[in-house]
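Note sheet for the following structure.
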Amino acid sequence: MLKKEKSCFVSDSTITSKFGDRPPSTYSMKIQNLSQLKTLFSETGGYKSRTFSSGKYNWRLVIYPNGNEKDNGTRAVDEKSARRPKYPSNRNGTHQVRIGRCVWQRSSQKIMELSCGTRDEYVEGKQFNALRPVRGFPQVLPLDTFNDPKNGYVFNGDQCEFGVDVMVPLTNSEVVSFSQKPSNPKFSWTVNKFSKLKEHRYISSKFLIGGRNWVLELYPKGYNATYSTWLSLFLHLAEGEKMKTGEEIYTQCDLRILDPFGCNHMTRKFDRRHNISNSGWGWCEFVSLAELSKAYLDKQVSLRVEIEFEVVSTTKYS
């Protein structure tokens, strides 16, 4: 019959335990010959696992099957995690890490799950830094309890198994906002002497909206030969504006050719996502050149273009 365990010994921290069936999420270590391990490491201290990674850092699981005298654990099994350098530390060199351990209890097919400190301490995490690169549980189980085969921690003659969950809080994040009716949402561009334009493409001056610089691109005789009877018009991120891989900027705009004699403007609405591969959107067939010459050129043969942003997204990264 399985013996009921008493509360674990503690030193400078509180250990809480419960039984469950969830395996460790980060790393596990099975010992095939526990008695031999105890003999080999009776003088040198704990047995260290190979290095494993979690949260951009390298770690090792350290087991003291005979207890650790430095932690007043001479009568209890000790279990710790040690951080090994892999990536630069933050400014103060300190990292908040949540640690959970488990010990298999094969007689009941359950896993003893351990957490370090009070509930609030576990949720907030334990600090690892250059002065304290090792944290863990000084007294997991009394040696008599752990070594007794009836309790199931040592099984199949001389085997035992330990595990660890290492959860490092995310250091990268993004905050996305959608600005409706951003300040100064309009930009106007006058293209003079439209009928005498000879270049294939014309680019407006830069204008700042939603924390980004934009430009309008105009093709007076179409984007290419297929659209030679049309005016092509596009919104683009300005040169020098860089986007991160996977980043998107959402825009909802009204793009217009203004009627110089009234209010019959040629307006096209669009909502698009701009990214690295598609930083510009617009129309190859915005308005036919025939219609343009009849209705949208003033007496000086000038063309007025306007864009108005309804919504633009901004993303801050950290």
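The values are calculated or read from the model by the stated rules, or taken from the named source; none is laboratory data. What you see is a predicted model; the values in this text were computed from it and never measured. Every residue, glycine among them, receives a Cβ derived from its backbone with ideal geometry; neighbour counts consider all protein chains shown.
Condition first: under 17 Å from THR245 (Cα atoms) and either under 26 Å from the mean Cα position of the chain (by Cα) or modelled with pLDDT under 90 (or both). Now tell me which residues in region 268-282 satisfy that. Those that are under 17 Å from THR245 (Cα atoms) and either under 26 Å from the mean Cα position of the chain (by Cα) or modelled with pLDDT under 90 (or both): ARG273, HIS274, ASN275, ILE276, SER277, ASN278, SER279. In a loop (DSSP other than H, G, I, E, B) and surrounded by fewer than 16 Cβ atoms within 10 Å (Cβ to Cβ), is that true of PHE261? Yes, satisfied. Residues in region 156-192 that are surrounded by fewer than 16 Cβ atoms within 10 Å (Cβ to Cβ) and in contact with a helix residue (DSSP H, G or I) (Cβ under 8 Å, 6 or more places away or on another chain): ASP158, GLN159. Of the residues making up region 229-258, those that are of a type in the set (S, T, N, Q) and more than 22 Å from THR315 (Cβ to Cβ) are THR229, SER232. Residues in region 1-36 that are outside any strand (DSSP E or B) and at pLDDT 85 or above: GLN32, ASN33, LEU34, SER35, GLN36. Just one residue in the set THR245, THR267, THR251 is in a strand (DSSP E or B) and exposed (fewer than 14 other Cβ atoms within 10 Å of the Cβ); that residue is THR267.
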